[in-house]
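Q: Here it is: the structure, laid out below.
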Amino acid sequence: MKRKILALATVALLIIAASLLGGCGGAEDKQAAAPAEDYYKGKTIRIIVGYSAGGGYDTNARLFATYLPKYIPGNPNVIVENMPGGSSMKAANYLYSQADKDGLTMGTIDRGINIGLNTLVGLEGLEADVGKFIQIGNGGAASHILLVRSELGVDDLEGLKTAKEPVSIGGTGAQSLPAAIARMYDDYFDANMNVVAGYAGSNEAEMALQQGELKAFSINQTKAMPMIDAGIVKPVVQLGAKYLPDVPLAEDVAPTDTAKSLALILSQSNQVAYPFVFPPDTNEEAVKIMREAFAKVLEDPEYQAKAKEMDVIINPVSADEIQNMVSDTLNSPPDVVAALKKIYMVE
């Protein structure tokens, strides 16, 4: 009888012990899960913008900064800092080599730099290995529309080819994507153009076009349409997504195979308009949280309404898709690389 009581007591103790151990395990599981909820609590996230205030990159970043906290556990502060220089090369270099990798610093940099064009052609001043940036996503694929001042009487690419005097076209930085696009039309599409580079950002070049200082500029659809509707400019050709149904895509009117290849690869850069990235080796948990939050912002009805009001593009491309485009660009064939070096003014 005593042995039976002892055995029952032993079993009871084992059950209690197992229960306690199970309870401890549950607590440990909750503690292990806690960092995902508390990672950003009480912290401030910085978004580094590679251009000056007021342009498309800046506007897009500030709109995201307004809605991101809503979808990040811990409801952190989000601030925007402008770091213009070298068509966002300064910002790219900072993100690559100086920014902390704790998920508190992210950036939006020139789409040409991000897609790998600058790396591919070996532009001086770019120290970042952009293939190592961690893609978060982008707001939307853009169409770069080549605009020409209406008083020139140019309705299409043929009109630019036969222009009596070179048509001045703007670029944001001597070796920026807008300047490279301008040279592509001049060198490979036989357009009679004079590239005027060095504008601090698209906002400044757009103002120069409106005031007549420039006669042409390639800019995204949201910036282009008010000028088109006002009759200030006429659309000639598009690069990227086809936004205007009656205006041809550059690759469809390219006079040579080389011109078509250039148009296609530069078009791809417009598919990742306004990309957001983390520095290499950023904390994996932070990456997961931010990608999920980024996607939720794009689906937010209030964000969508505000974006429409502000003419901000919503046509997202996923982080994985962007990374694939970066890889494709960095593996371009030698003849395309040579042509890219020419329009980027790299020997």
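The values are calculated or read from the model by the stated rules, or taken from the named source; none is laboratory data. Remember, it's a predicted structure, so these values are computed and weren't measured experimentally. We place every Cβ from the backbone using ideal geometry, glycine too, and count neighbours over all the protein chains shown.
Q: Within region 186-199, is there a residue that is outside the structural domain of residue 121 (by TED's automatic domain parsing), at pLDDT below 90 and not aliphatic (A, V, I, L, M)?
A: Within region 186-199 (the criterion being outside the structural domain of residue 121 (by TED's automatic domain parsing), at pLDDT below 90 and not aliphatic (A, V, I, L, M)), the answer is yes, since at least one residue qualifies.
Q: Here's a follow-up. Hey, residue 250 hits all of (1) without any contact (Cβ under 8 Å) to a residue 24 or more places away in the chain; (2) under 30 Å from residue 191 (Cβ atoms) but one; which does it fall short on?
A: (1)
Q: Moving to a separate point now. For residues in region 214-263 being in contact with a Ser or Thr (Cβ under 8 Å, 6 or more places away or on another chain) and in a loop (DSSP other than H, G, I, E, B), which is modelled with the lowest pLDDT?
A: It comes out as 241.
Q: Residues in region 307-346 that are closer than 26 Å to residue 219 by Cβ and not hydrophobic (A, V, I, L, M, F, W, C): how many?
A: Here the count works out to 13.
Q: From the list 274, 303, which one is within 22 Å of residue 179 (Cα to Cα) and buried (at least 18 other Cβ atoms within 10 Å of the Cβ)?
A: The match here is 274.
Q: Separate question: Out of all the residues in region 58-107, which are part of a helix (DSSP H, G or I) and hydrophobic (A, V, I, L, M, F, W, C)?
A: Matches in region 58-107: 61, 63, 64, 65, 68, 89, 91, 92, 95.
Q: Here is a follow-up. Please determine, by comparing only the residues of region 245-256 that are out of contact with any Asp or Glu (no Cβ under 9 Å at 6 or more places or on another chain) and either surrounded by fewer than 16 Cβ atoms within 10 Å (Cβ to Cβ) or hydroxyl-bearing (Ser, Thr, Tyr) (or both), which one is farthest from residue 312 (Cα to Cα).
A: 256
Q: Looking at region 130-143, can you tell me whether even one residue there is without any contact (Cβ under 8 Å) to a residue 24 or more places away in the chain and either on the phi < 0 side of the Ramachandran plot or among the hydroxyl-bearing types (Ser, Thr, Tyr) (or both)? Let's see the steps before the verdict.
A: Taking region 130-143 first, the residues without any contact (Cβ under 8 Å) to a residue 24 or more places away in the chain are none.
Within region 130-143, none of the residues are without any contact (Cβ under 8 Å) to a residue 24 or more places away in the chain and either on the phi < 0 side of the Ramachandran plot or among the hydroxyl-bearing types (Ser, Thr, Tyr) (or both).
Q: Still on this structure, I have one more. I'm trying to understand the selection: among the residues of region 87-102, which are surrounded by fewer than 24 Cβ atoms within 10 Å (Cβ to Cβ) and in contact with a Ser or Thr (Cβ under 6 Å, 6 or more places away or on another chain)?
A: Matches in region 87-102: 99, 101.
Q: Quick one: is residue 244 within 15 Å of residue 329 (Cα to Cα) and assigned by TED's automatic domain parsing to the domain that holds residue 158?
A: Numbers: within 15 Å of residue 329 (Cα to Cα): no; assigned by TED's automatic domain parsing to the domain that holds residue 158: yes.
So residue 244 fails the test.
Q: Residues of region 152-210 being touching a residue at least 60 places away in the same chain (Cβ under 8 Å) and polar (S, T, N, Q), which ones?
A: Selection gives 172, 175, 176, 202, 203.
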